[in-house]
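The values are calculated or read from the model by the stated rules, or taken from the named source; none is laboratory data. Only a predicted model underlies this, so the values are computations on that prediction, with no experimental measurement involved. So basically every Cβ, Gly included, is an ideal-geometry build from the backbone, and we count neighbours across all protein chains shown.
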Amino acid sequence: MLPAMAARPRIAIVGAGRLGSALALDLSRAGYVIDEIISRESEASRKQARSLARRLRGHARTMRDPHFDADLIWFCVPDRQIASAASVLAGSTDWKKKIAFHSSGALTSDELGVLRRRGAAVAAVHPMMTFVKGSRPSLHGVPFALEGERSAVRLARQIARSLKATSFTIRKRDKAIYHAWGAFTSPLLVAALITMEKIAQAAGLTAADARRRMLPIVKQTIKNYDQLGAAGAFSGPLIRGDVETICRHLRVLKPVPGAREIYIALARAALLYLPVAQRQKLQRILKP
């Protein structure tokens, strides 16, 4: 399939949300032609698709009238909609010379099974990056997790290289745990950060002050982790075995909803994975 395909396949993006938009723009900058942006029928979705298509000099179409002259159809819709979108579009073209991707981190390439049965080569191609309203990160250096048929994965690797991203393969059975890892890297990290804000507010700071004043230490901790690894970046009362201070923390955190439980869970993770002193005493006081 791939030898007959152009070095830079023409691409159709299904979904003009945050991920689809960021991906389409970076692909265009890397020299790919984005033929179509396919949206749902709602006016809001169609408006997004038209706006994106104008920027890319492509065509905005809906699920009812795709042309699919593209070589690669890339589904950038919510996980729960991937299989149904593929089913709706299955009769829209001859899939025997096409490749189809979806970008779910949690789901496997089997979500595109209806297209595989019609002759397409399929893969799950997930960029490990966060896409939120008001921010459009570059894909430069972003790792893409790949799973699927060999020819589709081969094309995904080529595209990742042209985006100056990286890529690695993952087994179907590991997709869920991979996605859980991703949850820890961003959304649960944000949950920890908002808990820090609430603790600072209990100490008399505003949320804005808390964000501003904790960012230097947060950034330095990430830098230390990058350069020194987890053990090298670890500091504070746990590494010193300061049992009295930790008991004091547990007392004062009680009024902040959820904070004490999160503190205990993370401290117990430190007992499992990081160098701590007074381990046995800490295990007793950190029981859930």
Handout entry: Of the criteria (1) in contact (Cβ under 8 Å) with a residue 60 or more places away in the chain; (2) surrounded by fewer than 18 Cβ atoms within 10 Å (Cβ to Cβ); (3) outside any loop (DSSP other than H, G, I, E, B), which one Pro137 fails
Key = (3)
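Considering Ala49, Ala53, Ala16, Ala7, which residue is in a loop (DSSP other than H, G, I, E, B), crowded, with 21+ Cβ neighbours inside 10 Å and not basic (Lys, Arg)? Walk me through how you get there before you give the answer.
Numbers: Ala49 fails: in a loop (DSSP other than H, G, I, E, B); Ala53 fails: in a loop (DSSP other than H, G, I, E, B); Ala7 fails: crowded, with 21+ Cβ neighbours inside 10 Å.
Result of the check over Ala49, Ala53, Ala16, Ala7: Ala16.
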Handout entry: Residue under evaluation Ser167, criteria (1) in a helix (DSSP H, G or I); (2) among the polar types (S, T, N, Q); (3) in contact with a strand residue (DSSP E or B) (Cβ under 9 Å, 6 or more places away or on another chain), criterion not met
Key = (1)
Completion exercise
Just one listed residue, out of Ala165, Ala180, Ala202, is free of Cβ contacts under 8 Å to residues at least 60 places away in the same chain, of a type in the set (Gly, Ala, Ser) and assigned by TED's automatic domain parsing to the domain that holds Leu27, and it is Ala165
Practice task
Answer yes or no as to whether Gly105 is within 30 Å of Ala265 (Cβ to Cβ) and part of a loop (DSSP other than H, G, I, E, B).
Solution key: yes
Handout entry: Residue, nearest to the chain's Cα centre (by Cα), within the stretch 89-134, restricted to residues that are more than 21 Å from Gln158 (Cα to Cα) and touching a residue at least 60 places away in the same chain (Cβ under 8 Å)
Key = Phe131
Practice task
Please list, ordered by first then second residue, the pairs with beta carbon atoms under 9 Å, 6 or more apart or interchain, first in the stretch 43-59 and within 13 Å of Val14 (Cα to Cα), second part of a loop (DSSP other than H, G, I, E, B) and of a type in the set (Lys, Arg).
Solution key: Arg46/Arg40; Ala49/Arg40
Completion exercise
When (1) free of Cβ contacts under 8 Å to residues at least 12 places away in the same chain; (2) over 22 Å from Gly113 (Cα atoms); (3) within 20 Å of the chain's Cα centre (by Cα) are applied to Arg173, the one that fails is (2)
Practice task
State the number of residues belonging to the stretch 112-134 that are surrounded by fewer than 22 Cβ atoms within 10 Å (Cβ to Cβ) and farther than 21 Å from Lys164 by Cβ.
Solution key: 9
Handout entry: Enumerated helices (runs of 4 or more DSSP H) restricted to the stretch 186-250, each holding at least 3 residues that are touching a Cys at 6+ places or on another chain (Cβ under 8 Å) and within 30 Å of Gln280 (Cβ to Cβ)
Key = none
Completion exercise
Of the residues in the stretch 233-256, those that are touching a Phe, Trp or Tyr at 6+ places or on another chain (Cβ under 7 Å) and closer than 19 Å to Gln220 by Cβ come to Ala233
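In the stretch 19-46, how many are outside any helix (DSSP H, G or I) and either buried (at least 22 other Cβ atoms within 10 Å of the Cβ) or modelled with pLDDT of 95 or more (or both)?
Adding up the residues that qualify gives 10.
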